[in-house]
Amino acid sequence: ITTIPHSQANNMKLIKKSISAKDASGSITLLPQTPEDLWHTYNLLQTSDHVRCTTLRKVTKESSTGSVTSNKVRMNLTIEVTKVEFDKEALQVRISGPNSAESQHVRMGAFHTLTLELDRQFTIEKECWDAIFLDRIEEACNPEVGAEVACIVMSGGLAHVC
C-alpha cells in the first residue's frame, strides 16, 4: 500500500496575533498562500473592521510654477471596511472604505479600495474577535485541516484507488 498526499499546498500563515484578553479587541496579521485562504479572508471581514496592507497609489504634486507631476508610490494604507468583494477569477479580495489612519499621501476619510492577493501580507483589526472568527483562523492556518490522503492498492495488474 502506497499513500500519496492529495495536496502539497501551504496554508495561510499567521504572522502576528495581538488580541486583548480583557475585551477580545486587537489585530491579526495574515499571509494568504492559496485561493482557499482568500475565501477564509473574505469570510473574516465585516463592515467597521480596519484593514492595513501595502498598496500603490498615484500621487500628484503641483510645483510653485504650476506644473503637475505624478508618481506611483508604495505605501501602507489602513481603511475602515464598508464593502467586501471576492473575485474568484482574479483570486482577489477587494475591500472598500475610508482611510482611517494618517498617511503622508492620503487624507483621512478619503475613500479607497484595497486589494488582498496571494502572498501579500495584511492586518485585520476588530473591536471584538469572537470564537467563530478565531476558529476560522485556526482552520485556515492549521496544515492538518487540509491534509487529505489517497490510497492505491495494487494486486495482480489491478489497481484500486481509495
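List of remarks:
- Output for segment 22-38, where each listed residue is at positive phi and in a strand (DSSP E or B): 26
- Summed over segment 106-136, the residues that are under 30 Å from residue 69 (Cα atoms), among the β-branched types (Val, Ile, Thr) and open to solvent by less than 50 Å² (accessible area, probe 1.4 Å) give a count of 2.
- The condition of being aromatic (Phe, Trp, Tyr) and farther than 18 Å from residue 37 by Cα does not hold for residue 133.
- For residue 41, the conditions (1) part of a strand (DSSP E or B); (2) crowded, with 18+ Cβ neighbours inside 10 Å are fulfilled apart from (1).
- Counting only strands (runs of 3 or more DSSP E) that sit wholly inside segment 56-105, those with at least 3 residues that are open to solvent by 40 Å² or more (accessible area, probe 1.4 Å) and not polar (S, T, N, Q) are 68-80, 83-87.
- Residues within segment 106-143 that are in a loop (DSSP other than H, G, I, E, B), without any contact (Cβ under 8 Å) to a residue 12 or more places away in the chain and of a type in the set (Gly, Ala, Ser), tallied: 1
- Condition check for residue 161: out of contact with any helix residue (DSSP H, G or I) (no Cβ under 7 Å at 6 or more places or on another chain) and modelled with pLDDT of 95 or more: no
The values are calculated or read from the model by the stated rules, or taken from the named source; none is laboratory data. In this text, all values refer to a predicted model and were calculated from it rather than measured experimentally. As a convention, Cβ positions derive from the backbone with ideal geometry for all residues, glycine included, and neighbour counts pool all protein chains shown. Ligands, DNA and RNA are excluded from the accessible area calculation, which covers all protein heavy atoms including side chains. Shrake-Rupley method; radii C 1.70, N 1.55, O 1.52, S 1.80 Å.
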